[in-house]
Ligand code: SIN
């Protein structure tokens, strides 16, 4: 941990967790054959020359929380990250936390933090699609934009900043494996845009605010967290995967159903059996947009969450 500016004033804390933003490749033209999570958060901060101009007098504190390719994100890192966020956000002199993170599971971490952190201060997550060694890396601009959002008085809750857009934890989803603007908020659209060092917010309501009711995740050892799995309903589906999961001790199942939450008949009967054995089932739609409307055989996940975020919510519900 290092304080970059000796002046005593409000702080922004930057937690590094790895990802492509901290990734390196052997060649500047290589955007795919790189290793994520190589450079320290301090290195990333030092690589943004205009950073201090965007800080509005804040001190900057960098802390390396993890150094992961986010495809390997685990519950222990989530818990440690949430604990450090809670620690810093509780300090009066800390106005915001910024998190550098890989893009692959960013939406899941964002939703997890939104659920477990009880704060009105902003937690701004950012990332990159190109490694830091690329000819034109996107990480430095994204980090700069994240600082702008972190300093904005209207910023609240967990937000994701990428490619000049600000997304809520609830709506954000990675929608492209390669493009620089890899994230979308689907039908709801982004919460705002970062333009020339300023945030232009869209609409008035802060959709990112969800009351925290999952604080058990900060203290219950991760080995005791319930096992919640995600399944898809699809042509030729086979009930044995559900039976195997139940036999192995799964506690919750998120079923990504077809269309308006319909489920292959083979899976539906296995799910009913699983429910009868105490497994909690939540339903989402496989469709990329919209959310389930009306009655369904199984309980629909709230808020039109996608499958991976519905898994986070169910896990936290079972923990609570
Ligand atoms: C990761 O998710 O850590 C690697 C991919 C990325 O950050 O774009």
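The values are calculated or read from the model by the stated rules, or taken from the named source; none is laboratory data. Given the structure is predicted, the values throughout are model-derived calculations rather than measurements. Neighbour counts are summed over all protein chains in view; Cβ atoms, including those assigned to glycine, are modelled from backbone coordinates with ideal geometry.
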Test of understanding: among 228, 284, 246, 254, which residue is over 25 Å from residue 304 (Cα atoms) and touching a helix residue (DSSP H, G or I) at 6+ places or on another chain (Cβ under 6 Å)?
246
Those residues of segment 174-196 which are closer than 22 Å to residue 132 by Cβ and touching a residue at least 60 places away in the same chain (Cβ under 8 Å), in sequence order:
174, 178, 182, 183
Select the strands (runs of 3 or more DSSP E) contained entirely in segment 1-113, then report the ones holding at least 1 residues which are surrounded by fewer than 17 Cβ atoms within 10 Å (Cβ to Cβ), at pLDDT below 95 and in contact with a helix residue (DSSP H, G or I) (Cβ under 7 Å, 6 or more places away or on another chain).
none
Within segment 264-281, the count of residues that are within 22 Å of residue 304 (Cα to Cα), over 27 Å from the mean Cα position of the chain (by Cα) and in a loop (DSSP other than H, G, I, E, B) comes to 1
Residue hits (segment 300-320; surrounded by 14 or more Cβ atoms within 10 Å (Cβ to Cβ) and in a loop (DSSP other than H, G, I, E, B)) are 301, 305, 306
Got at least one residue in segment 121-128 being over 22 Å from residue 25 (Cα atoms), more than 11 Å from the ligand (Cβ to nearest atom), in a helix (DSSP H, G or I) and touching a strand residue (DSSP E or B) at 6+ places or on another chain (Cβ under 8 Å)?
no
What pairs come up if the first residue lies in segment 9-21 and is assigned by TED's automatic domain parsing to the domain that holds residue 142, the second is part of a strand (DSSP E or B) and within 8 Å of the ligand (Cβ to nearest atom), and their beta carbons are under 9 Å apart, counting only those six or more places apart or on different chains?
17/68; 18/68; 19/68
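Every residue, every condition in (1) in contact with a strand residue (DSSP E or B) (Cβ under 8 Å, 6 or more places away or on another chain); (2) farther than 18 Å from residue 102 by Cβ, yes or no:
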| position | (1), (2) |
| --- | --- |
| 15 | yes, no |
| 27 | no, yes |
| 39 | yes, no |
| 45 | yes, no |
| 48 | no, yes |
| 78 | no, no |
So which residues in segment 146-173 are under 18 Å from residue 17 (Cα atoms) and part of a helix (DSSP H, G or I)?
146, 147, 150
So, residue 133, is that one assigned by TED's automatic domain parsing to the domain that holds residue 29, in contact with a strand residue (DSSP E or B) (Cβ under 6 Å, 6 or more places away or on another chain), under 22 Å from residue 310 (Cα atoms) and surrounded by fewer than 21 Cβ atoms within 10 Å (Cβ to Cβ) or not?
no
Within segment 174-189, can you find the residues that are within 16 Å of the ligand (Cβ to nearest atom) and assigned to a loop (DSSP other than H, G, I, E, B)?
175, 176, 177, 178, 179, 180, 181, 182
Number of positions in segment 18-46 that are closer than 23 Å to residue 88 by Cβ and either under 24 Å from the mean Cα position of the chain (by Cα) or within 15 Å of the ligand (Cβ to nearest atom) (or both):
12
